[in-house]
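Here the structure is laid out as structure tokens; the discussion comes afterwards.
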Amino acid sequence: VGELPFVTSIFPLGGLAGSEITVELKGWNLPVTTLTMDAKTKVPGIYPLSVRKDDRLSNLVPFAVDTLPESLEQEPNNQPQSAQKVALPVIVNGRIDQPGDLDVFRFEGRTGDEIVAEVQARRLDSPLDSVLKLTDAGGQQLAFNDDCEDKGSGLETHHADSYFRTTLPANGTYYLQLSDAQHNGGTEYTYRLRIS
């Protein structure tokens, strides 16, 4: 019996293999608000993070490690006119900061390029129920996904992370929009968006 440390959310949800990543912690009875994840010798995968307060260990939270270039979402990026420009391939670590928030990313594509977009959020203990939409420069929708079943996530009953694969029809600018299906948001609504 005692005041057990409990982590409710972290940011970012992952980082680059071969580096050290500063992770922000939120929760109850935590001895620190940040910790350093040492991924210098880690291979891509999911690793448990926790903190210790005296002789009490917190709950374990998942942290993803990958080899793709990493980026942080930059506000304002709530509409195509203020979309954050990204170079592919990339993993963007971000948040749906408030209810109704929309994060938009812009990239250049060529005819026949195959684009894969995937969100890791619910599988990393974020409450985000992601929705992904890809449009061309004129706003025409080219791909859309709400939920995608991940057979590798075991008995997870709500496959709320988004995924799609599509081929670009022409050279030009494309916009990828990420939002929450329930129009929720907040500091704990974190995600990793992989675009490649």
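The values are calculated or read from the model by the stated rules, or taken from the named source; none is laboratory data. These numbers were taken from a predicted model, which means no experiment stands behind them. Cβ sites come from the backbone with ideal geometry, for glycine too, and all protein chains shown count toward neighbours. Heavy atoms of the whole protein, side chains included, go into the accessibility calculation; ligands, DNA and RNA do not. Shrake-Rupley method; radii C 1.70, N 1.55, O 1.52, S 1.80 Å.
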Using θ = phi - 60° and the Karplus relation 6.51 cos²θ - 1.76 cosθ + 1.60, list the HN-Hα couplings for region 64-71 in order, rounded to whole Hz, with x at every Gly or Pro.
8, 10, 9, 9, 6, x, 10, 9
Could you sort LYS151, LYS40, LYS133 by their accessible area in this structure, using a 1.4 Å probe and putting the largest first?
LYS151, LYS40, LYS133
The chain, relative contact order [Cα under 8 Å, separation at least 6], %:
23 percent
Heavy-atom accessible area order for THR187, THR41, largest first, 1.4 Å probe:
THR41, THR187
Of all DSSP beta bridges having both residues in the chain, the percent classed as antiparallel (nearest 5) is 85 percent
Using a 1.4 angstrom probe on the protein heavy atoms only, could you order LEU35, LEU4 from most to least accessible area?
LEU4, LEU35
Using the Cα atoms of region 104-196, I'd like the radius of gyration and the largest Cα-Cα distance, Dmax, both in angstrom.
13.7, 41
Let me test this: with uniform point scatterers at the alpha carbons of the chain, what is the Debye-based log₁₀ I(q)/I(0) at q = 0.19 1/Å?
-1.37
What figure, in Å² to the nearest 10, do you get for the accessible area of VAL7 with a 1.4 Å probe and non-protein molecules left out?
10 Å²
With a 1.4 Å probe and every protein chain left in place, tell me how much accessible area GLU70 has, in Å² to the nearest 10.
60 Å²
Starting from the Cα-Cα distance between PHE144 and GLU108, subtract it from 0.36 nm times their residue separation and give me the gain in nm to one decimal.
11.1 nm
Convex hull of region 69-120 built on C-alpha atoms - directionally averaged projected area, nm²:
4.2 nm²
What fraction of the DSSP beta bridges in region 71-152 is antiparallel, stated in percent and rounded to the nearest 5?
50 percent
What number comes out for accessible area per residue over region 36-140 if the probe is 1.4 Å? Units Å², please.
50 Å²
Apply 1/(1 + (r/R0)^6) to the Cβ-Cβ distance of ASP54 and SER19, taking R0 = 35 Å, and write down the FRET efficiency to the nearest 0.05.
0.70
Rh by Kirkwood over Cα pairs, then Stokes-Einstein D for region 28-94 at 0.692 mPa s and 37 °C, µm²/s:
221 µm²/s
Difference of contour (0.36 nm per residue) and Cα-Cα distance, HIS183 to ARG165:
4.1 nm
Counting only residues 5 or more places away or on other chains, whose amide H sits under 5 Å from the amide H of SER162 once H atoms are built in the peptide plane?
VAL119, SER130
Whenever you get a sec, compute what percent of the accessible area on region 74-186 sits on carbon and sulfur atoms (1.4 Å probe).
44 percent
With every protein chain in place, the accessible area of THR22 for a 1.4 Å probe, in Å² rounded to the nearest 10, comes to 90 Å²
PRE reach from ASP136 (point 7 Å along Cα→Cβ): which of region 79-110 fall under 15 Å by backbone N?
108-110
